[in-house]
Amino acid sequence: MTTTPSPAPVHAPMNQFATDGNQLLIGGMPLSRLAERIGQTPFYAYDRQLIAARVAELRAALPGEIKLHYAMKANPMPALVGFMAGLVDGIDVASGGELKVALDAGTSPHEISFAGPGKREGELRQAVAAGILINIESFREVELLTRISRELALPARVAVRVNPDFELKGSGMKMGGGPKQFGVDTEQVPELLALIGRQGLAFEGFHLFAGSQNLKAESICEAQQKSYQLALQLAAHAPSPVRFLNLGGGFGIPYFPGEQRLDLAPIGNNLQQLAERARTDFPGASLVIELGRYLVGEAGIYVAQVVDRKVSRGQTYLVIDGGLNHHLSASGNFGQVIRKNYPVAIGNKLCHAADESVSVVGPLCTPLDILADRMRLPTTEAGDLFVIFQSGAYGASASPQAFLGHPPVVEALV
Ligand SMILES: *Cc1c(COP(=O)(O)O)cnc(C)c1O
């Protein structure tokens, strides 16, 4: 008897970008020409059309009542945040610096919310003065906001970020359940709500964020159901009706071999059901989901050029002009447990056969600076453009650009 070996897992096809012969097209422009237009490598390029298409796809799959927020820490490039501001229903910020970018982008303060542990007093003052919604994550924040509200004669708009007693199963990064630095534990929320009521802060709702980078629709639906149920229980302790219920996000994108794109249909059905229940449970309230990576991750690429080629004991290395200093995630050092290869290509040789096995490394003096480990690629020569897909989120701003003093990366919205 023979057994057929199961096929090796492969990357999901990176077919979100159009192509023209050998050239990848970004915003309709051939990659080689775009590189000339930008005038240097390495660079990140983000495709407006793909971002808009992703938002439209979500709107079509989700019920109309669901408000879609952009969590801008995924990609805080000001031009991109400005573009997103015109597409989504709100922007979620995680610092005073991000708040400035969101306001500069023209986002209405009513549509901005602020989450994050360790909000400094200065940041809370900025937030109250701006009139945005603050997701409270500790008793200290209530005390500070009470004083700031009095000093500025503006009642702080607040929601309670809950650290739930469950987590988002199968998520790449867990941000709720068990002991966490985020939010306030479910058990302590009634006491916190009572304090908010006594201090006269403007209570507006709940924020529950269980985790990130999830590709399993069932797990996301389960977390949404549990979040909703928990908010319903906690609402009994609230000083005033819930106006915003933020059910989190966590929608993932495929990065590694064997991963498939998320199926939105079951999530749409689940949210439809919750939106219907909310009409009686939380009359007049907005149901919000907040997404970062899912909105922008697939629309971005990182592009670098080969500086050197060398063979070391039988292994071919391509050394490119940027590495983990620009793209920490692709090197495997931003939350991955085991390093795996991102999908890559030679963006001006798409029709060439992948005729050699190479390791692509950055210019830094550390063995961690690997961008592709023994992958099959077309043979490259000077001027060829090495592309890393799935690079629109947690790229430039999530990388240690000062490390080793190489030039910073350029970002372009195309
Ligand atoms: C990071 C973060 C997000 C965005 O996560 P993605 O995986 O990029 O969608 C959303 N909400 C909160 C509270 C976060 O901390």
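Scan region 378-386 and tell me whether some residue there is open to solvent by 10 Å² or more (accessible area, probe 1.4 Å) and closer than 17 Å to residue 256 by Cβ.
No; the residues of region 378-386 include none that is open to solvent by 10 Å² or more (accessible area, probe 1.4 Å) and closer than 17 Å to residue 256 by Cβ.
Which one of 404, 368 is part of a helix (DSSP H, G or I) and farther than 25 Å from residue 55 by Cβ?
After ruling out the rest, the residue left standing is 404.
Search region 171-199 for residues being small (Gly, Ala, Ser) and open to solvent by 40 Å² or more (accessible area, probe 1.4 Å), and hand back the single one that is modelled with the highest pLDDT.
194
Name the one entry in 187, 218 that is out of contact with any Pro (no Cβ under 8 Å at 6 or more places or on another chain) and either part of a loop (DSSP other than H, G, I, E, B) or away from the ligand (no atom under 16 Å from the Cβ) (or both).
187
When the residues of region 225-275 are filtered to those that are among the aromatic types (Phe, Trp, Tyr) and buried (at least 20 other Cβ atoms within 10 Å of the Cβ), which remaining residue is farthest from the ligand (Cβ to nearest atom)?
228
What's the total number of residues in region 119-173 that are more than 26 Å from the chain's Cα centre (by Cα), small (Gly, Ala, Ser) and not in a helix (DSSP H, G or I)?
The total comes to 2.
State all residues of region 137-159 that are among the aliphatic types (A, V, I, L, M) and away from the ligand (no atom under 13 Å from the Cβ); if no residue qualifies, say none.
142, 144, 145, 148, 152, 153, 154, 156, 158
A quick yes/no check of all residues on (1) among the polar types (S, T, N, Q); (2) closer than 23 Å to residue 399 by Cα:
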position	(1), (2)
22	yes, no
27	no, no
30	no, no
35	no, yes
39	no, yes
46	no, yes
53	no, no
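The values are calculated or read from the model by the stated rules, or taken from the named source; none is laboratory data. Computed from a predicted model, the values in this text were never measured in an experiment. Reconstructed Cβ throughout: ideal geometry from the backbone, glycine too, with neighbour counts over all protein chains shown. These area figures cover heavy atoms from the full protein model, side chains too; ligands, DNA and RNA do not enter into them. Shrake-Rupley method; radii C 1.70, N 1.55, O 1.52, S 1.80 Å.
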